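Have a look at the structure below before the remarks.
Coordinate-derived values only; no laboratory data. Every value quoted in this text rests on a predicted model; they were computed, and no experiment measured them. Using ideal geometry, Cβ is built from the backbone for each residue, glycine included, and neighbour counts are taken over all protein chains shown.
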Amino acid sequence: MVAAKATGKEQKMRTREIEVQFLYDELAVPPKCRSARVHEVMGTHIAKLAEPDPDEAPVALIARRPGEEPVEYRLFGHELFVKESQPLRAKAYAPSCYHHGVNLLEDPREGYEPKPVTKDLPTEANFPVRDKESCESRIRSWSSERIVVGGELWKIAAEPSYEIGWDGALKISEDWQSWKCEFSALEEKEARAKAEDFAAEFLAHTTRAAIDNDTIEVLIPEAVAYPTVAEAAEVRKLKKELNALEETLRTADLKGIEEFEPGLYTKIASSAKWKQVELESLAKELGKRFGRGTKLAEDELDIAAVYVIRNC
């Protein structure tokens, strides 16, 4: 991870505040009524977004697709961020806050009059769904996934990687899966070689237009967290060997065989144990990269390791 620029003494991270309006439902007893009714309320919540300096959230990767504007990825903390299409507002309105979470903020609803009290009773079927706490929670979640850099909004993004398209061109993928034989952003050379092999084997007899490859410029190598193809293959190899050993322990009549080869069961069980340790150790080392150089807590490291094992 790229450390923040030293200043002689630690400075507190600046935050940008956005006043976010949202509609929620509330139960109240109207005048001259005995039972509670549902009515709409316009609430406000102050969203707080981290606002690092540009050198505290540097551009780490630049994804280029032919005919499109380059996409910059900034590295901040554990995450990569891309620029939002929506403008940064001091005041905003969050539509459908409870039902769908918060994606885009709209211009504030000045002068909006909430709907009057309805006659609906708070039964299981029509109990208010837009409760205030849930709406505020979704706004906080939206805030936690965004930062402000240079007066613009940036949102958390998946790390880009390479995959080979049906036409033999390199394509940028934002949904890494090793079974698709994807290459990390650091493996452009290997990805190009694989694409050429693919084209030679499967596209040799077709008429092909000039190939325009997507490219990922890596400015900060530490920002690349995904395993390389070779690392993913090593995880798969260890998983396969471990599964074979565990299958042998489950199904073979090892105790009967031990009459002819004493200690065989213990030997295979020990091999399985050490293979598991080897697999978990490799996965944890790769998992550390998901923290991009930061010190992960033990439970976070375990989660990262599980991610590597499941996806390789």
Table column - 3J(HN,Hα) (Hz), the range 12-18, Karplus curve with 6.51, -1.76, 1.60, x for Gly and Pro: 6, 5, 6, 10, 10, 9, 10
message: Show me the trypsin sites (Lys or Arg not before Pro) within the range 135-199 that DSSP assigns to loop and that have at most 16 other Cβ atoms within 10 Å of their Cβ.
response: none
query: What are the principal axis extents of the Cα atoms in the range 45-111, in Å, biggest first?
result: 43, 30, 21
- prompt: Do any of Lys115/Lys155; Lys171/Lys273; Lys48/Lys132; Lys12/Lys91 go past 28 Å between their Cα atoms, and which?
  reply: Lys115/Lys155; Lys171/Lys273
